[in-house]
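Structure first, then comments.
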Amino acid sequence: TCGGWLATIDYYQSLGEKNFSCTAINSQNVNATDGFTGDIIKVFKEMVACADTKFKSAMKAAKPGEKACMLVTPDLFEAYKSYLIDKYPTIPDMLYYNMSGEFCAKIGCAGQYRMEGALLWDGIWIKCMDSWDVCTAEMGINHTRALLTLPRNLAIGVDVKGQSIYGGIGMKIYQNTENPKEAGKLSGSLDYRLGTGILFKDFIVNSSIVY
């Protein structure tokens, strides 16, 4: 994701495209010492407000298994967890990850649809993207980001040449005969090109700040 979707999203943000430049996250609610310190529900509402009419309509029409997703940095996810804990102090912490029953009804989720590191808000999955912190750490920066989109809108493509079997992907099968511990073991390698892309630019809202 470091050099793929995020690079593309940041490019459109640099061009000033409206839905890639939502101001829900800004210098008023983020600082270099503490990260996000603002009102997390206000951020979520502003993200939805930044979506165009077609995107809002698609989110409302989504089937239970196709709910919109808001991918967020860990500081935003922790802020939402804290909000839920403050709002529902008598509910065990484990239920914030395994949502069902009364708690699920209160926050509007469907108990049969679950994923790790995710919570629901107003019919939108809030997914913690720990990998984003790995990316920014490698670049020596910090950032806070929220990215609202629909399932399958962030695409991955694989390019394999249309040649004869195995040749098209440069497949090689080999044995490491110099290492006795690898005796009898077959290993393989192949070559292909992998690319990322955004299928529908109108179905994305991005808000981010680097510090």
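Structure notes:
- Cut-off 18 Å, label 7 Å out along Cα→Cβ of residue 131, residues of the range 38-70 by amide N: 69-70
- Under-5 Å amide H pairs with residue 143, H placed in peptide plane, nonlocal only: 211
- Rounded to whole numbers, the Karplus 3J(HN,Hα) couplings from phi for the range 72-85 are 9, 5, x, 5, 6, 5, 5, 5, 6, 4, 5, 4, 5, 5 Hz, using 6.51 cos²θ - 1.76 cosθ + 1.60 with θ = phi - 60°, and x at Gly and Pro.
- Added length on full extension, which subtracts the Cα-Cα distance from 0.36 nm per residue, residue 49 to residue 174: 39.4 nm
- Residue 81 contributes an accessible area of around 30 Å² to the protein surface, as traced by a 1.4 Å probe with all chains present.
- A full extension of the chain between residue 39 and residue 139 corresponds to an added length of 33.2 nm, given 0.36 nm per residue minus the alpha carbon distance.
The values are calculated or read from the model by the stated rules, or taken from the named source; none is laboratory data. A quick note: this is a predicted structure, and the numbers were derived from the prediction, not measured. Every residue, glycine among them, receives a Cβ derived from its backbone with ideal geometry; neighbour counts consider all protein chains shown. We work out accessible area using only protein heavy atoms, side chains counted, and drop any ligands, DNA or RNA first. Shrake-Rupley method; radii C 1.70, N 1.55, O 1.52, S 1.80 Å.
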